[in-house]
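Inspection log for the structure reproduced underneath, given as structure tokens.
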Amino acid sequence: MNDFEYLMPTTINEAISLHEKYGEGAKYIAGGTDVIVKIKEGKISPQCLISLRHLQGLDNIIYEKGELRIGAMVTHRMLELSPVIRNEFPVLADAVENIGSVQIRNVATIGGNIVNAVPSADGAVPLIALGAEVRVIGPKEARIIALEDFFIGPGQTSLKTGEILVEFLIPKLLSHTGAAYWKHTRRAAMELPILGVAVLISLDDDMKTCTEARIGLGVVAPTPMRAKNAEAILKGSKVDEEILKKAGKAAAQECKPRDSSRGKAWYRRDMVELFVQRMAKVAMERAH
Amino acid sequence: MKKVSVSFTLNGDLVTAEVPPNWTLLKTLREYFELTGAKEGCGVGECGACTVIVDGDAINSCIYPILEVEGKSVTTIEGVASKDGALHPLQKAFLENNGVQCGFCTSGMIMSSKALLDHNPDPTEDEIRASIAGNLCRCTGYVQIVESIKNAAEMIKQEK
Ligand SMILES: Cc1cc2nc3c(=O)[nH]c(=O)nc-3n(C[C@H](O)[C@H](O)[C@H](O)COP(=O)(O)OP(=O)(O)OC[C@H]3O[C@@H](n4cnc5c(N)ncnc54)[C@H](O)[C@@H]3O)c2cc1C
Ligand code: FES
Ligand code: FES
């Protein structure tokens, strides 16, 4: 590993000023499951790592009046074991309990997963389906951005130099809402997804008519994306097999997968069609 | 490179290390404390050979920055048997059930399963398998390892 200093500020302001002081050579580190691996592989060589682990109040899961706030430093393991997440937001549990291993989940954070911005980030897709926003604090300003606008390209986000992702804000869900995530892999564990599909559905009191639908797709475009055409098909209709088939087809058409070592584009499209339908069914079963 | 000082509890004893800030916990354990039970397999979080327990949780020490253990409690395979040398039920069970073949994965396997049993003394087979999903073994085919962990859980129950 290259030489680096390792700094452990205790406030956000201190972290930001250290980042400004070290400029180009500075890099924030959360759980480090990505940063340390990249340093070891020689892909990056920062002069100074600024740890975010000691900032106060960034590792809380707060559920108040239906609104959920998740601190950026919350680990995948904390989410996986949280009763609020398991009971009220099982779509997130679906995703985080299948990230890496227990050892990875014990240290890797949801903030790091999102800032990494790889198309296969398991955390991104369910959060997009939940309509999450991110709160960011930087040298100049604090701002709130919709998560789906946060990603710009593979590995690229709209974070400006020195900005820290502070928390995720998930708005109150409509009544009768359910959501589910599917991570499609070849092995049972320790693999990045070939494809990730999250579907959120809200139903009317009749428990049939869809009042809101949000579909997140991962690994089928340069950034995690929403399948808005498929959503439009579901919204307002009575959800049955035929409508689900239509929505699945629409999602398969609007995604933009590529051939890669983990899967061919045609296969990804076929699986999008299938898993949009399956996850919609699970989402409806979960709606109560 | 200038060294930094880090103090933490290691297998029950308060210790201080003087190491470069870019060292990992694994490197510090093996090269500063000469505790070579935790192994370096992949060095990048994939294989689990370097697993140790930090404040009750299993982690990959090969990607854990040393300064982050300041004030924490670290347990390695060397701290699993009691001070009088009596083996932990997991160690006994791995020996009795052929959970150990070449032994390279063993310390990591035992640390992952210890973290599991410490939190959940009566795990299902699925929970056992999930707890060691990040520990690769090239020898056993995992069956004997899962049996060993089940057996250790029974031994612990009977001790109580
Ligand atoms: C063996 C292994 C298996 C993995 N499996 C999966 C998997 O199944 N699914 C998956 O999605 N990922 C997986 N990953 C990737 C990675 O572990 C996750 O993306 C993880 O969530 C990253 O979080 P971290 O806290 O470790 O990030 P770090 O490595 O600490 O940081 C990642 C990036 O984000 C920046 N950053 C972190 N937090 C903030 C913040 N709050 N504000 C601003 N910038 C920040 C850092 O500067 C860095 O650029 C795996 C990694 C390994 C090593
Ligand atoms: S050596 Fe740490 S996970 Fe392989
Ligand atoms: S016993 Fe040889 S790797 Fe597991």
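Put simply, of A:Leu79, A:Leu68 the only residue that is open to solvent by less than 10 Å² (accessible area, probe 1.4 Å), assigned by TED's automatic domain parsing to the domain that holds A:Gln156 and either within 16 Å of ligand 2 (Cβ to nearest atom) or part of a helix (DSSP H, G or I) (or both) is A:Leu79.
Of all residues in segment B:89-115, those satisfying the criterion of being farther than 15 Å from B:Thr51 by Cβ and either open to solvent by 30 Å² or more (accessible area, probe 1.4 Å) or touching a Cys at 6+ places or on another chain (Cβ under 6 Å) (or both) are B:Lys92, B:Leu95, B:Glu96, B:Asn97, B:Asn98, B:Val100, B:Gln101, B:Cys102.
Taking the residues in segment A:215-231 that are open to solvent by 40 Å² or more (accessible area, probe 1.4 Å) and touching a helix residue (DSSP H, G or I) at 6+ places or on another chain (Cβ under 8 Å) as candidates, determine which candidate is nearest to A:Glu148 (Cα to Cα).
Going through segment A:215-231, the residues open to solvent by 40 Å² or more (accessible area, probe 1.4 Å) turn out to be A:222, A:226, A:228-229.
From what's left, touching a helix residue (DSSP H, G or I) at 6+ places or on another chain (Cβ under 8 Å): A:226, A:228-229.
Numbers: A:Arg226: 8, A:Lys228: 12, A:Asn229: 16 Å.
My answer is A:Arg226.
Exactly one residue among B:Gly56, B:Gly99, B:Gly71 is away from ligand 2 (no atom under 15 Å from the Cβ), in the same structural domain as B:Glu34 (by TED's automatic domain parsing), modelled with pLDDT of 95 or more and touching a helix residue (DSSP H, G or I) at 6+ places or on another chain (Cβ under 8 Å), and that residue is B:Gly56.
For segment B:58-104, enumerate the residues that are more than 14 Å from B:Thr28 (Cα to Cα) and within 10 Å of the chain's Cα centre (by Cα).
To start, the set of residues in segment B:58-104 that are more than 14 Å from B:Thr28 (Cα to Cα) comprises B:58-59, B:71-73, B:77-104.
Of everything in segment B:58-104, those that are more than 14 Å from B:Thr28 (Cα to Cα) and within 10 Å of the chain's Cα centre (by Cα) turn out to be B:Ala58, B:Ile59, B:Ile77, B:Glu78, B:Gly79, B:Val80.
In this structure, does A:Leu159 turn out to be free of Cβ contacts under 8 Å to residues at least 40 places away in the same chain, assigned to a loop (DSSP other than H, G, I, E, B), more than 16 Å from ligand 3 (Cβ to nearest atom) and touching a strand residue (DSSP E or B) at 6+ places or on another chain (Cβ under 9 Å)?
Numbers: free of Cβ contacts under 8 Å to residues at least 40 places away in the same chain: no; assigned to a loop (DSSP other than H, G, I, E, B): yes; more than 16 Å from ligand 3 (Cβ to nearest atom): yes; touching a strand residue (DSSP E or B) at 6+ places or on another chain (Cβ under 9 Å): yes.
Here the answer is no, as A:Leu159 does not meet what is asked.
Considering segment B:131-146, the residues that are touching a helix residue (DSSP H, G or I) at 6+ places or on another chain (Cβ under 7 Å) and in a helix (DSSP H, G or I) include one that is farthest from ligand 1 (Cβ to nearest atom), namely B:Val146.
Can B:Ala115 be described as within 16 Å of ligand 2 (Cβ to nearest atom) and among the hydrophobic types (A, V, I, L, M, F, W, C)? For B:Ala115, the condition - within 16 Å of ligand 2 (Cβ to nearest atom) and among the hydrophobic types (A, V, I, L, M, F, W, C) - is met. I need the full set of residues from segment A:62-109 which are of a type in the set (Gly, Ala, Ser) and within 14 Å of chain B (Cβ to nearest Cβ), in order please. Residues satisfying the conditions are A:Ala93, A:Gly100, A:Ser101, A:Ala108.
When segment B:116-129 is filtered for residues that are surrounded by fewer than 19 Cβ atoms within 10 Å (Cβ to Cβ) and more than 9 Å from chain A (Cβ to nearest Cβ), the ones remaining, listed by number, are B:Asp118, B:His119, B:Asn120, B:Pro121, B:Asp122, B:Pro123, B:Thr124, B:Glu125, B:Asp126, B:Glu127.
Scan segment A:91-103 and tell me whether some residue there is charged (D, E, K, R), in the same structural domain as A:Gly155 (by TED's automatic domain parsing) and out of contact with any Gly (no Cβ under 7 Å at 6 or more places or on another chain). Within segment A:91-103, one or more residues are charged (D, E, K, R), in the same structural domain as A:Gly155 (by TED's automatic domain parsing) and out of contact with any Gly (no Cβ under 7 Å at 6 or more places or on another chain).
Per the listing A:Ala221, A:Ala198, the residue uniquely part of a loop (DSSP other than H, G, I, E, B), within 26 Å of A:Asn98 (Cβ to Cβ) and away from every other protein chain (no Cβ under 14 Å) is A:Ala221. Entry remark, segment B:130-145: residues being within 16 Å of the chain's Cα centre (by Cα) and either open to solvent by 60 Å² or more (accessible area, probe 1.4 Å) or of a type outside the set (S, T, N, Q) (or both) number 7 in total.
In the set B:Gly85, B:Gly71, only one residue is surrounded by fewer than 18 Cβ atoms within 10 Å (Cβ to Cβ), closer than 25 Å to A:His54 by Cβ and away from ligand 1 (no atom under 16 Å from the Cβ); that residue is B:Gly71.
Of all residues in segment A:47-65, which are open to solvent by 10 Å² or more (accessible area, probe 1.4 Å), within 11 Å of ligand 1 (Cβ to nearest atom) and of a type outside the set (A, V, I, L, M, F, W, C)? Residues satisfying the conditions are A:Arg53, A:Asp59.
I need the strands (runs of 3 or more DSSP E) fully contained in segment B:1-109, keeping only those with at least 2 residues that are of a type in the set (S, T, N, Q). Break it down stepwise before answering.
Working: elements: B:4-10, B:13-19, B:51-54, B:57-60, B:73-75.
Counting at least 2 such residues, we get B:4-10, B:73-75.
Here are A:Pro154, A:Pro126, A:Pro119: which of them is open to solvent by less than 30 Å² (accessible area, probe 1.4 Å), closer than 20 Å to A:Leu192 by Cβ and not β-branched (Val, Ile, Thr)?
Numbers: A:Pro154 fails: open to solvent by less than 30 Å² (accessible area, probe 1.4 Å); A:Pro119 fails: open to solvent by less than 30 Å² (accessible area, probe 1.4 Å).
Unique residue meeting the criteria: A:Pro126.
Scanning segment B:2-57 for residues that are facing chain A (nearest Cβ under 10 Å), within 16 Å of ligand 3 (Cβ to nearest atom) and touching a residue at least 60 places away in the same chain (Cβ under 8 Å), we see that the one that is nearest to the chain's Cα centre (by Cα) is B:Thr51.
The values are calculated or read from the model by the stated rules, or taken from the named source; none is laboratory data. These figures come from a predicted structure and were not determined experimentally. A quick note on method: Cβ atoms are made from the backbone with ideal geometry, for glycine too, and the neighbour counts reach across all protein chains shown. When the accessible area is computed, the model is the full protein with side chains, heavy atoms only, and any ligands, DNA or RNA have been set aside. Shrake-Rupley method; radii C 1.70, N 1.55, O 1.52, S 1.80 Å.
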